[in-house]
Amino acid sequence: MPTAIVKPKVRGFICITTHPQGCAAHVREQIAVAEKAKIQNAPKRVLVVGASTGYGLASRIAAAFGGGADTVGVFFERPCDKGRPATAGWYNTAAFHEAAKQKNLKAVSINGDAFSDEIKRKTLDAVKETLGQVDLVVYSLASPRRTDPQTGEVYKSVLKPVGTPFTAKTVDTDKEIVHEVTLEPAEGDDVKNTVKVMGGEDWMLWMQALKNENLLAKGAQTLAYSYIGPEVTHPIYKDGTIGQAKADVEKTAHELNTSLLADLGGKAFVSVNKALVTQASSAIPVVPLYISILYKIMKAKALHEGCIEQMVRLLAERLCTDGAVPTDPEGRIRLDDWEMKDDVQQAVRELWPQIDTENLRALSDFAGYQKEFLKLFGFGFEGIDYEKEVELDVPIEGLVG
Ligand SMILES: NC(=O)c1ccc[n+]([C@@H]2O[C@H](COP(=O)([O-])OP(=O)(O)OC[C@H]3O[C@@H](n4cnc5c(N)ncnc54)[C@H](O)[C@@H]3O)[C@@H](O)[C@H]2O)c1
């Protein structure tokens, strides 16, 4: 059995090592938040696509431990191999299953490419066997590429502005240097390809596959996640290539509502979530600096939430209330409401031009950003002896396929 002392090794916006016990602690921390919430009228049979890290993992934890749901989760993670630790999502899921078993919650996980027909097939079988039907489908994939299941063609998503170059402040999170960056605009098929990967097409394919096999319960709901953010990030997010993909996701929600879900009395929603440190968001230029400033302000105003608090609020105060689901005029659920509060954004606008390398730690919560980033990989948890050897080969009980 491979054991090792594991220390963080950060390379740019990724940490290439992970700590199994730390990842488990991260999951337990989120479970504790969800359990306290005791969400009423929550869906009891939930499928989460993209269930191993970030918002998808928090959705699964909130549904299971906050709402008592049995869950099927799909993700793409790497197990431990030749002394190299598994990816964080692997260890997270192992810990999720262990805790679910203790609470007698059914849980099945499928590891593989969610864009492929093969993984959809395996998931449909798992849903059939474990849940019978689903009441809620959460679509929370964040992927840099997608292989089209029909043609085999590989599409790559890019994070670029559209139309004109975008010059803005950013932070090199490794070197702790605040500097200006100019991002060249999308060219060629960049927009089309990003829509192909991060747009709504695959969400629709999942919903069609579930419907075709009668796996969507009456009144089934489905969620996909999006982000809008303030003007300072619009050129790289809302108006950029990823924003075009998110617009396509919104279009898909409307299509699902008018076609596939209509006769079931079901509903599709795009939930606009808060900017948070995840493996996906740390790869977006400018965003880590914005998040560092945002955390400082939201923590000072006691408005700060992590993924799990957001997902608990999504279920408890949006999806599972007695009345209609509260949305904005475009039909979107808004969990970015606290982030986008006038006083919060006014404070961001005031701090943004002042930030430089020297005052980064004083004026922003860069320390908090770094701490959260390392937590994603299982580092920085109290009660864990990081000098001790740990078992790296942790099985996921409940993994099929
Ligand atoms: N992080 C933010 O600030 C933020 C804010 C608002 C909305 N969102 C949205 O939330 C969603 C999830 O993002 P996140 O930040 O939680 O990302 P993340 O990187 O933490 O999670 C991505 C998940 O997708 C899975 N995945 C990736 N490629 C896959 C594949 N081919 N097959 C199966 N699984 C695959 C991963 O295993 C993981 O479970 C995205 O739609 C993102 O745009 C994120």
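The values are calculated or read from the model by the stated rules, or taken from the named source; none is laboratory data. Just so it is clear, the structure is predicted and the values come from calculations on it, not from any experiment. A quick note on method: Cβ atoms are made from the backbone with ideal geometry, for glycine too, and the neighbour counts reach across all protein chains shown.
Worth a mention:
- Residues located in region 211-232, provided they are more than 10 Å from the ligand (Cβ to nearest atom), touching a helix residue (DSSP H, G or I) at 6+ places or on another chain (Cβ under 7 Å) and at pLDDT 95 or above: E213, L215, L216, K218, G219, A220, Q221, T222, P230
- Looking only at region 145-168, and only at residues there that are more than 27 Å from K267 (Cα to Cα) and in a strand (DSSP E or B), the one that is farthest from the ligand (Cβ to nearest atom): T167
- Any chance V171 is within 16 Å of the ligand (Cβ to nearest atom) and outside any loop (DSSP other than H, G, I, E, B): yes
- Residue ID - surrounded by the fewest Cβ atoms within 10 Å (Cβ to Cβ), chosen from residues in region 282-321 that are of a type in the set (G, A, S) and free of Cβ contacts under 8 Å to residues at least 24 places away in the same chain: A302
- Within region 248-281, considering residues that are among the basic types (K, R) and surrounded by fewer than 24 Cβ atoms within 10 Å (Cβ to Cβ), the one nearest to A142 (Cα to Cα): K251
- For region 99-131, filtered to residues that are within 30 Å of E29 (Cα to Cα) and among the small types (G, A, S), the residue that is nearest to the chain's Cα centre (by Cα) is A114.
- Listed by position, the helices (runs of 4 or more DSSP H) enclosed by region 264-367 that each have at least 3 residues that are in contact with a helix residue (DSSP H, G or I) (Cβ under 7 Å, 6 or more places away or on another chain) and over 23 Å from V178 (Cβ atoms) are 307-314.
- Among the numbered conditions (1) assigned to a helix (DSSP H, G or I); (2) aliphatic (A, V, I, L, M); (3) within 23 Å of A58 (Cα to Cα), the only one that V191 does not meet is (3).
- For region 368-401, filtering for residues that are in contact with a strand residue (DSSP E or B) (Cβ under 8 Å, 6 or more places away or on another chain) and either surrounded by fewer than 17 Cβ atoms within 10 Å (Cβ to Cβ) or not in a helix (DSSP H, G or I) (or both) leaves 12.
- Residue list for region 43-57, restricted to those being more than 8 Å from the ligand (Cβ to nearest atom) and touching a Cys at 6+ places or on another chain (Cβ under 6 Å): none
- Positions within region 321-336 being away from the ligand (no atom under 14 Å from the Cβ) and either under 16 Å from the mean Cα position of the chain (by Cα) or at pLDDT 95 or above (or both), in sequence order: V325, P326, T327, D328, P329, E330, G331
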